[in-house]
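Below is one structure, written out as structure tokens, with a few remarks after it.
The values are calculated or read from the model by the stated rules, or taken from the named source; none is laboratory data. Keep in mind that what you see is a predicted model, and the values were worked out from it rather than measured. Note that we place each Cβ from the backbone using ideal geometry, even for glycine, and neighbour counts take in every protein chain shown.
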Amino acid sequence: DAPAAGKVCTRFDLEKETELRFEVEAGEAAEQVEMELLTGMAEVFGSELNRNKKYTFGAGSKIAVFTWQGCSVNLYGKPEVAYVSKETPMLLYLNTHAALEQMRKQAERDNERGPRVMVVGPTDVGKSTVCRLLLSYAVRVGRRPTLVELDVGQSGVSVPGTVSALCIERPADVEEGFSVQAPLVYHFGSTTPGTNIKLYNKLTSCLAEVFSQRCEVNRKASVGGCIINTCGWVKGSGYQALVHCASAFQVDVVLVLDHERLYNELKRDLPHFVRVVLLPKSGGVVERSKECRRDARDEKIREYFYGFRGVTFYPFSFEVRFSDVRIYKIGAPSIPDSCLPLGMSQDDTQLKLVPVTPGRDLTYHVLSVSSAEDGEEGVRKGIVESPVCGFIVVTNVDTQTQVMKVLSPAPRPLPRHTLLIMDIRFMDMK
Ligand code: ADP
């Protein structure tokens, strides 16, 4: 795997405890950048690099190659920026890992459960990266931690608009991140918790319950604990959602990235036995624009259908009769308390299943295929709390023939017939 001929090669010699940060230009025309470790040892977000192997990073990648002992690295191609930084919070992050590992050891000794950790902070402070780092360090010392992904805008596990949990069994791949096999995924339906905070909290509780059940039967999972990645919305209901999550998961540790007020608020509002720790963000974390985030979301959906890097999937396109499926939206529009029917609360409306009549406006919407058993019409209990088994996108709707065309990862027929509509749309440009 020789680097492409004609690519510019730049060598960087790194002293111990420094990192090389580089960014690959965004956009389709962008040229990939390759990176090779020549001497010494280094890691990318907690995953160790092999020497003399060329790692390839595509458009928009933002990478840090960190070394504890010193190393030299070659970059091939033209990164948008590339510089070496001596100011990194890595030592603090490593100490955090060491403290969590102590807690796991103690849990092992005392037959208790391992640390449940919630990572919080505003957007673009490196929450996902810190989660990845702590999870990779934990598996490297033989643990089996669980990643709980509550960031419905930028999920590292599934498509946007979902919350999920994933057992981590090996360190993240340097180029591709964690291998996503058999995650537990729930439908939320939009990219911000604010669109339906009741549903968001409900799903958080569902995940916490499933995780606790697993811990009861699986000692390794229990000792490994979990690392919870959260949304960047830290005010108002967003803050309340964090407090709810801490209680649902009975978290032991909260890592607050770069937000002193949030740190103080959580210290004040969480039970005293919860350790709330303020950590600095890395200067390397790059702020992403709205467009950048939207593109990342689109890319995530594209990957779900078409694959990623070396792996190409060939999705199917087929017709589905309206009469064969039931489509719901979770949550009725909120109405003033005074207009609610007697005995009904706002909670009920936000968790209500509202039947959707298929029409042209369904086109391009992402639909989750619920794993709930296909019951009688009206037997809808448990759909909100059921995991999803996959996603389809509506590519065309014919109201005349009462048929819609869908893009699906698997051939027809659909495994289940209860579909949940997302606010999120995907236009297939392939
Ligand atoms: P958040 O989860 O808080 O929104 P992320 O962890 O996704 O933030 O980080 C935002 C971006 O910054 C990601 O593209 C990530 O790869 C990049 N990044 C994180 N840490 C560093 C670093 N030390 N150097 C360079 N880029 C980094």
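A few remarks follow.
- Hits in the range 357-367 - residues which are modelled with pLDDT under 95 and either crowded, with 16+ Cβ neighbours inside 10 Å or in contact with a Pro (Cβ under 7 Å, 6 or more places away or on another chain) (or both): Pro358
- Number of the condition not met by Cys245 [criteria: (1) within 13 Å of the ligand (Cβ to nearest atom); (2) under 17 Å from the mean Cα position of the chain (by Cα)]: (1)
- Residues in the range 63-91 that are surrounded by fewer than 18 Cβ atoms within 10 Å (Cβ to Cβ) and either of a type outside the set (Gly, Ala, Ser) or not in a strand (DSSP E or B) (or both): 12 in all.
- Out of Lys290, Lys281, Lys220, one residue alone is at pLDDT 95 or above and within 16 Å of the ligand (Cβ to nearest atom). It is Lys281.
- Of all the criteria given as (1) out of contact with any Phe, Trp or Tyr (no Cβ under 9 Å at 6 or more places or on another chain); (2) more than 30 Å from Gly331 (Cα to Cα); (3) of a type in the set (A, V, I, L, M), the one not satisfied by Val174 is (1).
- Only a single criterion out of (1) surrounded by 20 or more Cβ atoms within 10 Å (Cβ to Cβ); (2) on the phi > 0 side of the Ramachandran plot; (3) within 14 Å of the ligand (Cβ to nearest atom) is not satisfied by Gly177, namely (1).
- Selection of the range 189-217 for residues being among the polar types (S, T, N, Q), touching a helix residue (DSSP H, G or I) at 6+ places or on another chain (Cβ under 6 Å) and either within 16 Å of the ligand (Cβ to nearest atom) or within 22 Å of Leu135 (Cβ to Cβ) (or both) yields only Thr204.
- When Val276 is tested against the conditions (1) more than 16 Å from the ligand (Cβ to nearest atom); (2) within 25 Å of Phe66 (Cβ to Cβ); (3) without any contact (Cβ under 8 Å) to a residue 40 or more places away in the chain, the lone failure is (2).
- Elements of type helices (runs of 4 or more DSSP H) in the range 198-279, at least 1 residues being buried (at least 18 other Cβ atoms within 10 Å of the Cβ) and of a type in the set (Val, Ile, Thr): 219-224
Matching residues to (1) of a type in the set (D, E, K, R); (2) part of a loop (DSSP other than H, G, I, E, B); (3) surrounded by 13 or more Cβ atoms within 10 Å (Cβ to Cβ):
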residue: Arg294; (1), (2), (3): yes, no, yes
residue: Arg297; (1), (2), (3): yes, no, yes
residue: Lys300; (1), (2), (3): yes, no, yes
residue: Glu303; (1), (2), (3): yes, no, yes
residue: Tyr314; (1), (2), (3): no, yes, no
residue: Phe318; (1), (2), (3): no, no, yes
residue: Tyr328; (1), (2), (3): no, no, yes
residue: Pro333; (1), (2), (3): no, yes, no
residue: Leu342; (1), (2), (3): no, yes, no
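- Conditions (1) touching a residue at least 24 places away in the same chain (Cβ under 8 Å); (2) in contact with a strand residue (DSSP E or B) (Cβ under 9 Å, 6 or more places away or on another chain); number of the one not met by Asp295: (2)
- The range 16-47, residues that are within 16 Å of the ligand (Cβ to nearest atom) and among the acidic types (Asp, Glu): Glu17, Glu19, Glu23, Glu25, Glu43
- Residue within the range 115-123 that is farther than 27 Å from Gly194 by Cβ and more than 9 Å from the ligand (Cβ to nearest atom) present: yes
- Any hit, the range 41-59, residues being surrounded by 17 or more Cβ atoms within 10 Å (Cβ to Cβ), more than 27 Å from Leu92 (Cβ to Cβ) and touching a residue at least 40 places away in the same chain (Cβ under 8 Å): yes
- Qualifying residue in the range 17-36 (condition: modelled with pLDDT of 95 or more and more than 22 Å from Gly283 (Cα to Cα)): yes
- Residue count, the range 174-197 (criterion: at pLDDT below 95 and part of a strand (DSSP E or B)): 1
- Just one of the numbered conditions (1) part of a helix (DSSP H, G or I); (2) in contact with a strand residue (DSSP E or B) (Cβ under 8 Å, 6 or more places away or on another chain); (3) of a type outside the set (D, E, K, R) is not true of Val119: (1).
- Some residue of the range 142-165 being crowded, with 24+ Cβ neighbours inside 10 Å, touching a Phe, Trp or Tyr at 6+ places or on another chain (Cβ under 6 Å) and not β-branched (Val, Ile, Thr): yes
- Members of the range 344-355 found to be assigned to a loop (DSSP other than H, G, I, E, B) and either modelled with pLDDT of 95 or more or polar (S, T, N, Q) (or both), listed by number: Ser345
- The lone exception for Leu135 - which of (1) more than 13 Å from the ligand (Cβ to nearest atom); (2) closer than 19 Å to Leu255 by Cα; (3) hydrophobic (A, V, I, L, M, F, W, C) it fails: (1)
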